[in-house]
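Engineer: Please read through the structure below; I'll follow up with questions.
Every number here is computed from the coordinates shown, using simple stated rules; none is lab data. None of the values given here were measured: they were computed from a predicted structure. Ideal geometry is used to build each Cβ from the backbone, glycine not excepted, and the neighbour counts take in all protein chains shown.
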Amino acid sequence: MVYLKTDEEVELLRKANLLVGDTLAELAKVIEPGVTTKQLDAIAETFIRDHGAIPTFLGFPNPYGGPFPASICTSVNYQVVHGIPNDTPLENGDIVSIDCGTKLEGFCGDSCYTFVVGETTPEIQRLLDTTKEALYKGIEQAVVGRRLGDISNAVQTHCESQGYGVVREFVGHGVGRDMHEDPQVPNYGRKGNGMLLKSGLCIAIEPMITMGSREINMQADRWGIVTKDRKPAAHYEHSICVRKGKADILSSFDNIEKVLRDKFN
Ligand code: MG
Ligand code: MG
């Protein structure tokens, strides 16, 4: 069942999503070699709760095992998504995708950003840049009158044209009172296919892109998803609202990228 959101509901979604962006910006300040993903998780949980919200990932049920034990997913290097924070210090040259979800005043925020720890190679930087570009190419298609497949196809085409793999098993989704609502938003598909996009449709678009093969495995903890070939993967996600002419991006990378600019300049 697809629920189109009222203008009031869209504003509540924006609040929850901007809190996700601010949480990720807090983490951006402290991501450096030596910090552990468990430390990042503690900072995120405190920040989310201090702002009157609930971390929606904490306790999220798993069809394959126990509930998710943390407030953020931290997927390092060849982990694609759903990495559980741990005590291993991040190292110079690692990349870490941090996916974060909040519930504020009954509505959910969901957004993800892939960070570089210290310095990375041009090759890995290109993977990150391409994944983020693909996200925005998908968002460009998220306008009234287009179809879901137009979004999916834009993401897929951009990444595959650069030789990258597009993960099929995990997809974007509707977002609202529930973190995962209908419809599913795959990162692959055909132009002109799928649901017609209407104003007020709120969805999370989230390309999960691999440097090598798109094949994945599940880790022994029943959460972490890794590339089979152990090559790095990137993940960026925005929650957006379909509008006429131009989508309204409800989450934001602005504060994250401001922190990163200040840190490295
Ligand atoms: Mg997410
Ligand atoms: Mg999501």
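Engineer: Remind me, relative contact order of the chain in percent, using alpha carbon pairs under 8 angstrom and six or more residues apart?
Structural biologist: The normalised contact order for the chain reaches 24 percent.
Engineer: Continuing with the same structure: For the chain, build the charge dipole from Cβ charges (+1 Lys, Arg; -1 Asp, Glu) around the Cα centre, then report which of 68, 124, 245 sits farthest towards its positive end.
Structural biologist: 245
Engineer: Relative contact order of segment 89-193, please, whole-number percent, based on alpha carbon pairs below 8 angstrom and at least 6 residues apart.
Structural biologist: Over segment 89-193, the number comes to 25 percent.
Engineer: Mind giving me the FRET efficiency for residue 168 and residue 64? R0 is 22 Å, r the Cβ-Cβ distance, nearest 0.05 is fine.
Structural biologist: That gives a FRET efficiency of 0.80.
Engineer: Each residue of segment 96-103 in turn: what ³J(HN,Hα) in whole Hz from Karplus with 6.51, -1.76, 1.60 and θ = phi - 60°, glycine and Pro shown as x?
Structural biologist: 9, 8, 10, 9, 9, x, 10, 10
Engineer: Sorting check: for 199-207, 233-241, which peptide has the highest mean count of neighbouring beta carbons within 10 Å, and how do the rest follow?
Structural biologist: In descending order of packing, they fall as 233-241, 199-207.
Engineer: Okay, which of segment 62-87 sit inside 16 Å, backbone N to the point 7 Å along the Cα-Cβ direction of residue 230?
Structural biologist: Zone members listed by number: 76-80.
Engineer: With N set to the number of residues, divide the alpha-carbon radius of gyration of segment 54-123 by 2.2 N^0.38 Å and report two decimals.
Structural biologist: Computed over Cα atoms of segment 54-123, the ratio equals 1.23.
Engineer: Among residues other than residue 77 whose Cβ falls under 11 Å from its Cβ, what is the net charge (Lys/Arg +1, Asp/Glu -1)?
Structural biologist: With Lys, Arg at +1 and Asp, Glu at -1, the neighbours total 0.
Engineer: Take the alpha carbon atoms of the chain, find their radius of gyration, then divide it by 2.2 N^0.38 Å using N residues; give the quotient.
Structural biologist: For the chain, the normalised Cα radius of gyration is 0.93.
Engineer: If amide hydrogens are placed 1.01 Å from N in the peptide plane, which non-local residues have theirs closer than 5 Å to the one on residue 80?
Structural biologist: Amide H neighbours of residue 80: 225, 226, 227.
Engineer: Label points 7 Å out from Cα along the Cβ direction at residue 195 and residue 218: separation in nm?
Structural biologist: Each label point is offset 7 Å from its Cα along the Cβ direction, giving 2.5 nm.
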